[in-house]
Amino acid sequence: MSTGIPHGPEPLTPARALVIAAHPDDADFGAGGLIATWTAGGCEVTVVCVTDGDSGGFDADVAREDVPGIRRSEQRAAADALGVRECVFLGRSDGWVVVDRGLRLELARTIRRVRPEVVVTHAAERGYRFVYLYHPDHLATGAAALAAVYPDARNEFAFPELDLAPWEVQQVWQFGGPEDTHAVDVTDVFDAKMKACSAHDSQTPMLDRSVEDELREHLGRTAVEHGLPAGRLAEAFRVVDTA
């Protein structure tokens with residue numbers, strides 16, 4: 001079964017996409033341009049945050065118990081900037097995500113409910129170019145998402161307690177991995193991506209410069225690496241057929 005989504009630089013827009021991220025802000029920094037591109041084309045996008053990012057932030061005066069609420073609010077604001085239809089929060093502990101039955105069940109549940117053609121998530125393999133991309137939660141979330149896509153969500157005998165019809169995802173788009181196959185020009189949706197990333201006020205002190213400067217440098221470098229014309233901005237992914 002084909003979705004008609006080619007492996008070229010300008011993919012057709014899927015009808016529904018599910019983005020599975022470890023923490024609030026991962027989807028926006030990793031794939032915000034792709035999300036904005038697809039929602040502008042009519043795609044219904046749902047974002048799943050496996051954790052509430054409760055170990056994140058830089059303000060020691062903020063009570064730790066308040067952090068999950070802050071980060072959920074930031075994620076919702078970012079989602080609004082990108083035109084995302086829905087945010088789902090699974091509430092796992094930040095820093096301790098593991099690939100277990102419970103996580104695979106929750107992700108399979110969401111896949112069967114949303115019925116996406118495409119899942120966008122973290123790469124499950126570690127690279128060493130940028131160590132911050134390979135947080136253990138990122139790797140575990142990517143691996144759990146792949147397991148939920150295959151075999152869990154499509155297997156009618158897996159998780160019978162869900163009482164939801166099986167669903168076969170056509171492709172998985174992985175971001176932040178050591179190997180990319182596909183660059184997406186996000187120049188025209190850069191403002192939306194920047195607004196989404198800037199919504200994560202509690203996290204942006206990690207940046208050496210302004211959010212805009214950091215994004216332009218990273219996306220510009222990615223565009224050059226993938227052969228796009230000078231001055232363009234791009235996000236890169238490994239696209240995996242899963243049908």
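Nothing in this text is a laboratory measurement; each read-out follows from the coordinates by a stated rule. Every value quoted in this text rests on a predicted model; they were computed, and no experiment measured them. Positions of Cβ are generated from backbone atoms using ideal geometry, with glycine treated the same way; all protein chains shown enter the neighbour counts.
Classify the stretch 153-225: rounded, prolate or oblate, from the alpha-carbon gyration tensor (a ≥ b ≥ c, eigenvalue square roots; a/c under 1.5 rounded; otherwise prolate if a/b is larger than b/c)? Prolate is the answer for the stretch 153-225, as a/c is 1.5 or above and a/b outweighs b/c.
For the stretch 70-81, putting each phi into the Karplus relation 6.51 cos²θ - 1.76 cosθ + 1.60 with θ = phi - 60° gives couplings of 4, 6, 5, 5, 4, 5, 5, 5, 5, 4, 4, 5 Hz, in residue order, rounded to whole numbers and with x for Gly and Pro.
The charge dipole of the stretch 200-243, taken about the Cα centre with unit charges on the Cβ atoms of Lys, Arg (+1) and Asp, Glu (-1), comes to about 180 debye, rounded to the nearest 20. Dividing the summed helix terms, -39500 (n - 2.57) for each DSSP H run of n ≥ 4, by the number of residues in the chain produces a 222 nm estimate of -10500 deg cm²/dmol to the nearest 500. Measuring gaps between exposed loop sites in the chain (GluC sites (Glu not before Pro); DSSP loop; at most 15 other Cβ atoms within 10 Å), the longest gap, sites not included, is 1-124.
Close amide-amide hydrogen proximity is noted between residue 52 and 91, 92, 94, each under 5 Å apart and 5 or more residues distant or on a separate chain (H modeled in the peptide plane; Pro and chain starts excluded).
Among 79, 63, 230, the largest mean-square fluctuation in a Gaussian network model of the chain, built with springs joining Cα atoms closer than 10 Å, belongs to 63. Just the number, please: percent antiparallel of the DSSP beta bridges in the chain, rounded to the nearest 5. The answer is about 30 percent antiparallel. What is the stretch 78-208 by shape, rounded, prolate or oblate, if you read a ≥ b ≥ c off the alpha carbon gyration tensor as root eigenvalues and call it rounded for a/c under 1.5, prolate for a/b larger than b/c, and oblate otherwise? Prolate.
Please order 96, 173, 167 by the number of other Cβ within 10 Å, starting at the fewest.
Values: 96 11, 173 23, 167 16.
Neighbour counts put them in this order, fewest first: 96, 167, 173.
If only the Cβ of Lys and Arg carry +1 and only the Cβ of Asp and Glu carry -1, the dipole of the stretch 16-241 around its Cα centre is close to 500 debye. Amide H contacts for residue 234 (H built 1.01 Å from N in the peptide plane; partners 5 or more residues away or on another chain; cut-off under 5 Å): 186, 220, 222, 223.
With an 8 Å cut-off on Cα pairs and a minimum separation of 6 or more residues, tell me the relative contact order of the stretch 16-241 in percent. Reported as a whole number, the value is 26 percent. Counting neighbouring beta carbons within 10 Å and listing from fewest to most, the residues 175, 157, 130 come out as 157, 130, 175.
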